[in-house]
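Below: the structure, in structure tokens.
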Amino acid sequence: MNANEYNKAVDQYADNIFRFVVKHTRNKMLADDVVQETFAKVWEKHEEVAAEKVKSYLFTTAYHCLINTMKKEARSGSIEGIERAGHSDNPHLFDIQKVLHEALARLPEVQKTVVLLRDYEGYHYDEIASITGLNESQVKVYIFRARQALKTYLKDLELVA
Amino acid sequence: MSIHIDRLNYEEYYLDYLEGNLSGDVLAAFEAFLEANPDVVIDDEPATLLPTEEHLDPVIKLALKQTPDLSQLSAETLDYFLISRQEGLLTDQQSSQLDHWLEANIQYRNDARLMQLTKLTPAFSDVYTWKNKLKRPAGRIIPLPLWLGSAAAAAGLAFFLLLSDGTPENPAGPVKPLAHNEAPKDHDPIRRDGNGTADTAPSTTETVDPAGAGIHRVTNYQGRASRGVDVESMPNVDQLAMRPLSKIERNSGNLVPLHIEKAAAGNLPTALNELAIVSTPVSKQPDMANPIVPITERLSAALNTDVDFRTAKAAKRTAKGSSEAKGGGFYLKIGKFEISHRSASR
């Protein structure tokens, strides 16, 4: 991959990487740092990376940078115990996506990662496995668990409302 | 035969005793030993392995399978099949069968609706604003064409010489202008090639002085033949302001001065006397010579066009306060591009 292809990858995927990271960190400044670190690492190895595989390489690098960052930030989360967003508002008008992203923030990191890669970027199970270092069965299990958790959260909201 | 069991060897009998493999005299002897030594009695409850219960979530267990098996569709496994449909793992037939099951079990239709809502959509308002800082320079050095580089070098050289006070004289000797009606001399320097053949012949052109100072005759002493170009067809000028009139100028009837005309001496402020002059009689033209003949020749050959550069010494004052009749300045020509500067003679 030459410099022109690298710059093209910046235009194509910087926003995607940023969205992926900011959903994890919920901190745009932190996400900026991760994005910069990601592209800096990719530039160091750009001669070894094929242009057609740069997207998966970027997300793999971003994922590892994210894990390192999150370890430093030492965040923890479980979906139980989350404050029910929109509870005091009119339950018929709350933004589903906003509620979902609140719930997403409470998922374990690995479940959050696989769901974001699946829904935001449309990766297949084997691609997600390659990025995260898991196997396909593990990816499927994490996605299933994450979706169950999100559905349960929405269901609980409706019951409370 | 009596069997002797004591603290040193009882252990080898103990396991058999626990398993009930001792009998007869051996059993009686071991039981007598245990009665005599109650501190070595081991808890006689048999050790057993507790069976572990399988604790895997059935939905997760189903998720590990390659393809969904609708035979296991139930209220407990409904989530699995709903997620499978959302992940695109169900065939059209299987999806239809799931719909039929939900119609038969209306209480679970809300679960199906909520599961469809768990699909995340990215917020496209989140954009990375510093993309330009991530990019790397990808330009390449484009070599300038030789002609462009040579022209830039010549222009820079001319600017440099413009800033200097004087210029070296032409080693071939100054070129003196002809007086009015004066014929060229035979011994005038003419550039010759290696065979001794002159590459240019002295030619005389006439220009009209717009100020009415007369006809100026210009003789090309150092005409330079550009490769492949007929010298005599080129307007060669060896004196500033002696440029032959163009065809337009000649035919217009109204001769337009090329430069500012010199006013009568003493009528203008001092500064104006330094302006470039056009219509100066030939006899009063300052000496103009090419100080860098090798360079201009090389440039001419490289650019395949006529390159000429002439300078003249600046005006100098004598000890008595009057200046010599010499004007400074320079003249640069590259192809059709010409630039000149002239200091007035005093």
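Bear in mind these aren't lab numbers, they're just calculated from the coordinates by the rules spelled out. Just so it is clear, the structure is predicted and the values come from calculations on it, not from any experiment. Methodologically, a virtual Cβ is constructed for each residue, glycine included, from the backbone with ideal geometry; neighbour enumeration extends over all protein chains shown.
Can you give the net charge of the other residues whose Cβ lies under 13 Å from the Cβ of A:Tyr57, counting K and R as +1 and D and E as -1?
-2
If Rh is defined by the Kirkwood formula over all Cα pairs and Rg also comes from Cα, what ratio Rg/Rh do you get for the stretch A:1-71?
0.96
What FRET efficiency comes out for the pair B:Asn110/A:His124, r = Cβ-Cβ distance, R0 = 22 Å, nearest 0.05?
0.15
Given +1 on the Cβ of Lys and Arg, -1 on the Cβ of Asp and Glu, and no further charges, what dipole in debye does chain A carry about its Cα centre, rounded to the nearest 20?
440
In whole Hz, with x marking every Gly and Pro, tabulate ³J(HN,Hα) for the stretch A:16-30 from phi via Karplus 6.51 cos²θ - 1.76 cosθ + 1.60, θ = phi - 60°.
Those phi angles translate into 5, 4, 4, 4, 4, 6, 5, 5, 7, 7, 6, 9, 5, 5, 5 Hz.
Once phi is turned into ³J(HN,Hα) by the Karplus curve 6.51 cos²θ - 1.76 cosθ + 1.60 with θ = phi - 60°, what whole-Hz value does each residue of the stretch B:78-86 show in order, with x for glycine and proline?
Calculated HN-Hα couplings, in order: 4, 4, 4, 6, 5, 5, 4, 5, 5 Hz.
For the stretch A:121-126, take each phi angle, set θ = phi - 60°, evaluate the Karplus expression 6.51 cos²θ - 1.76 cosθ + 1.60, and give the result in whole Hz per residue in order, putting x for glycine and proline.
In residue order, the calculated couplings are 10, x, 5, 7, 4, 5 Hz.
Of the listed pairs A:Lys28/B:Lys135; A:Lys41/A:Lys98; A:Lys155/B:Lys131; A:Lys53/A:Lys98; A:Lys8/A:Lys112; A:Lys45/B:Lys131, which have alpha-carbon separations greater than 30 Å here?
A:Lys41/A:Lys98; A:Lys155/B:Lys131; A:Lys53/A:Lys98
Any idea which of A:His64, A:Val99, A:Tyr6 is furthest toward the positive side of the dipole for chain A, if Lys and Arg beta-carbons carry +1 and Asp and Glu beta-carbons -1?
A:Val99
Once both labels are modelled 7 Å past Cα along the beta-carbon direction, what's the B:Leu157-B:Asn132 spacing in nm?
Between B:Leu157 and B:Asn132, the label points sit 4.1 nm apart.
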